[in-house]
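The values are calculated or read from the model by the stated rules, or taken from the named source; none is laboratory data. As the structure is a prediction and not an experimental result, all values here were calculated from the model. Counting neighbours? That spans all protein chains shown, and the Cβs are built from the backbone with ideal geometry, glycine included.
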Amino acid sequence: MKRRSASEPNSPSVGARQPAGRDRDWKAIAEIIPQMVWLAQPDGGNDYYSGRWYEFTGVPVGVAHEDGWREVAHPDDRSRVEARWEHSVTTGEKFETEYRIRHRSGEYRWILSQAAPSYDDHGRIERWFGTSTDIHAAKMTEAALARSEEQYRALLEVSAGVVWLATPDGMITEARGWKDFTGQDEDKAVGLGTLNVVHLDDRERTRQAWLAAVASAVPYQHECRVWHASGEYRWTLNSAVPIKNPDGSIREWIGTLSDIHERKQAEEQLRASEERLRLALQVGRMSAWELDLETGEISSAKNLPDLLGHSPRSLSGFLERVHPDDLHKREAFFREIAAQGASSIELRYLLPSNQVQWVGIRAEKRGPSQIVGVTFDISERKAAEEEIWRAANHDPLTGLPNRALFQQRLEQALAEAKRSETSVSFLMLDLDEFKVINDLLGHDAGDAVLREVASRLEGITRQCDTVARFGGDEFGIILVEPMRLEHSIRYAERVIKRLRQPFSYTGRKLIIKGSIGVTAFPDHHADPMALMKAADIALYRAKAQGRNRVVVYTSEMGQDIEDQAALRQQVRKALLREQFLPHYQPKIDLASGRIVGFEALARWENPSRGILTPAAFSAAFADPELGVALGKQIISRAAQDMRQWLDNGIDFGRVAVNLSSAEFNRPHLAEEVLSLLDAAKVPPERLEVEITETVLLGRSAEYAGTILRTLCERGVRIALDDFGTGYASLTHLKQFPVDHVKIDRSFVRDLEEDADDAAIVAAVISLGHSLNLAITAEGVETPGQALRLRALGCHHAQGFLYSQAVTASEVPEFIASWSNWETKSSG
């Protein structure tokens, strides 16, 4: 029975191993006895079945491997048999159990399986000898007998239980069924012996009742507890009637003892249930009552004073203190009872203290002149519902309405404005650089800022208006009549000014700034969603124009959004047609004049508009999907170009590509870039990645550090573009693996005339030298700028002074014709 395979021939009468010598004799005997004989190894694994196994189960012995019994055993018996067998194998105890196996006829039949171990000369188990015997007929007979006995017992249980006879003076002479009921012999009931089994507390009462019945010769009926054969006292009903002679004298008494225990328990449970109901009504602050419609009187309302603070006796007294605003509910309540026979209501009730209490009432009509009902306190539930509603419709951090409630109120305000021909303004507020506060000071500081903003907005907003938090650092404001669009604009400017007032957090003063988009009905849209979309567009424009300002929606803005959507669609098609490719602008070493590399600048070969610079499709880079696809296509083409130049023996230095912040939202960006280089067989040292500080400040900052370090470890250089125009540049130089800093063209443009720009450029170059960083100036257009930069120690320069961006096919010729910077500038 243990799980171990046995190799048996496929003969119905041959076991798993051929026994030899004495074993063959033993096997011959096993094949002629009627039981199924089997052998098992000391560890429980079966290795022999006699031919009776095949005759009984229809399963060839050859496939009756060690788990063969499980294949035919009844599913409900398997685990029990296996546990018993494992116990015997472990302890050496004799194995014996009954279970069902599938007969060759298809039905399950009961067998008795037994086994005993034999031992070798060392006292170790050598083998288990077992038999399995068909006991199905006996089991069926046993089951039939059990059913018969069960039916007989059931018949006794539903019968009178005990039938007894007594003499005229009340002495018991016979008690049939007495032993079955009480467990005592019937002779113990003779005389007044029945009293011996009556509960001590009931005994005297039972005796007196029986003697009184005998003395008066009237039928007897009495309830008492009697000792039962089950080992407990059970309630019984003793009934007896006198059998009289023709002369009217009593010949004998015939009586019965009936089990009424369940009925008595049910009665007790009912009493207990009624008491629990009474207590539940009291604890649950409920009152059941009845109303007589003819007299108007209320009855059965004992705890109404606890509930309502007084004890009304009539309908008028009960309902006179209903809250005036709910009187219409009261009238509807009784109309519904009259029409449908039942109703329920929830209303406010004025207590004698004039406090308001919510109560629920359910009632139904019983007969033509009676109403029964229950009144219960629902104040806590109403308070909980109010809290749940508030939690579902308000922001947990600020307590302001959330987006869902805001939209409801906006719809209501618009509906009212349409009816009354008034105005509704909608303002969308978004905090500027809120993520910087979270990143630098932590989310606790961010939460404090959001709560402060909510407080300031509520402080300058009327109660009839609505301020809501949409989530994150975004807020919405609804302004209703008499605030029209011109007033709303002034209000928005007041909000911007109010937010800029310093805010102190843990000893630090913070300045909160925000951008607001404004739209209104009927000036712009009448639909709530359209109005919110318009405000969002205006907010986007405020952000694009430099933030910390108010912008009012115009139809032109909507057109710009549509134009951007159209542009994104065109870019998608152009990507599929691989119309984006890099053009290359050289980088010049200011000291030697040699070419040290190129910057790959994205260009769009538009079939109808010609070559387009990023200015024509920069909006596409803001789209996460398109920004990623554009970057991948430019890097892929640049890698192919570098491979071709390398194959032609052209020394182009290092090619720089720009990666947008959208691309850094993907944690595996570094692996993708390196994969493109590997596919083109371009060494990573030939690539430089240019990033702006938006990559290090936005949502992409979560992955930026890991991505940049992975690229740097493989030899890719990292350049920080537009240096000096972002936020906390020095911090980023410490945190991220930057090799190269590019001075923004805005500082180079007026380098020769503006002392401040010259000072900034000098400071950046000095910082680069101190940190051992390469410095490149962008936008160099005059020889004077180049000379000044070289004098300041700037390493490299690029700009129109040297060349515009050229195609990949023009790069080899450009490198060949280039001599050095001094020759070109002097010419």
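Side notes on the structure shown:
- Residue ranges of helices (runs of 4 or more DSSP H) in segment 647-752 with at least 2 members modelled with pLDDT under 90 and under 22 Å from Ala620 (Cβ atoms): 693-697, 701-713
- Gly610 free of Cβ contacts under 8 Å to residues at least 40 places away in the same chain and either surrounded by fewer than 21 Cβ atoms within 10 Å (Cβ to Cβ) or not assigned by TED's automatic domain parsing to the domain that holds Lys533 (or both): yes
- Qualifying residue in segment 196-210 (condition: out of contact with any Gly (no Cβ under 6 Å at 6 or more places or on another chain) and modelled with pLDDT under 90): yes
- Some residue of segment 615-629 being crowded, with 20+ Cβ neighbours inside 10 Å, out of contact with any Pro (no Cβ under 7 Å at 6 or more places or on another chain), modelled with pLDDT of 95 or more and within 26 Å of Glu713 (Cβ to Cβ): no
- Among the numbered conditions (1) surrounded by fewer than 22 Cβ atoms within 10 Å (Cβ to Cβ); (2) touching a helix residue (DSSP H, G or I) at 6+ places or on another chain (Cβ under 9 Å), the only one that Ile478 does not meet is (1).
- Qualifying residue in segment 70-80 (condition: touching a Pro at 6+ places or on another chain (Cβ under 8 Å) and among the hydroxyl-bearing types (Ser, Thr, Tyr)): no
- Members of segment 104-126 that are in contact (Cβ under 8 Å) with a residue 24 or more places away in the chain, within 24 Å of Glu55 (Cβ to Cβ) and crowded, with 16+ Cβ neighbours inside 10 Å: Tyr108, Arg109, Trp110, Ile111, Ser113, Ala115
- The residue pairs whose first member lies in segment 130-147 and is not assigned by TED's automatic domain parsing to the domain that holds Tyr99 and among the aromatic types (Phe, Trp, Tyr), whose second member is outside any helix (DSSP H, G or I) and modelled with pLDDT under 90, and whose beta carbons are closer than 7 Å, counting only pairs six or more residues apart or on different chains, do not exist in this structure.
- Filter pass, Lys543 being within 44 Å of the chain's Cα centre (by Cα), among the basic types (Lys, Arg) and at pLDDT 85 or above: yes
- The residue that is modelled with the lowest pLDDT, among those in segment 408-434 that are in contact with a helix residue (DSSP H, G or I) (Cβ under 7 Å, 6 or more places away or on another chain) and surrounded by fewer than 20 Cβ atoms within 10 Å (Cβ to Cβ), is Phe434.
- Test for Arg409: is it basic (Lys, Arg) and either assigned by TED's automatic domain parsing to the domain that holds Leu696 or over 30 Å from the mean Cα position of the chain (by Cα) (or both): no
- Matching residues in segment 548-592 - criterion: being buried (at least 20 other Cβ atoms within 10 Å of the Cβ) and among the aliphatic types (A, V, I, L, M): Val550, Val551, Val552, Val571, Ala574, Leu581, Ile588, Leu590
Residue by residue, here is whether (1) in contact (Cβ under 8 Å) with a residue 60 or more places away in the chain; (2) in contact with a Cys (Cβ under 8 Å, 6 or more places away or on another chain); (3) under 27 Å from Leu711 (Cα atoms); (4) not charged (D, E, K, R) holds:
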{"position": "Val738", "(1), (2), (3), (4)": "no, no, yes, yes"}
{"position": "Lys742", "(1), (2), (3), (4)": "no, no, yes, no"}
{"position": "Val748", "(1), (2), (3), (4)": "no, no, no, yes"}
{"position": "Val764", "(1), (2), (3), (4)": "no, no, yes, yes"}
{"position": "Gly784", "(1), (2), (3), (4)": "no, no, no, yes"}
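- Pro352 meets each of the listed conditions (1) in a loop (DSSP other than H, G, I, E, B); (2) not assigned by TED's automatic domain parsing to the domain that holds Pro324 apart from (2).
- Restricting segment 102-134 to residues that are small (Gly, Ala, Ser) and not in a strand (DSSP E or B), the residue that is farthest from the chain's Cα centre (by Cα) is Gly123.
- Qualifying residue in segment 587-597 (condition: under 30 Å from Glu781 (Cβ atoms) and in contact with a Cys (Cβ under 9 Å, 6 or more places away or on another chain)): yes
- Matching residues in segment 238-264 - criterion: being part of a strand (DSSP E or B), of a type outside the set (Gly, Ala, Ser) and under 60 Å from the mean Cα position of the chain (by Cα): Asp259
- Here Leu291, Leu307 are screened, and the one residue that is assigned to a strand (DSSP E or B), at pLDDT below 80, of a type outside the set (Gly, Ala, Ser) and more than 30 Å from Gly191 (Cβ to Cβ) is Leu291.
- Residue under evaluation Arg456, criteria (1) within 23 Å of Gln408 (Cβ to Cβ); (2) surrounded by fewer than 18 Cβ atoms within 10 Å (Cβ to Cβ); (3) not acidic (Asp, Glu), criterion not met: (1)
- Here Thr141 fulfils each of the conditions (1) under 30 Å from Arg52 (Cα atoms); (2) at pLDDT 90 or above apart from (2).
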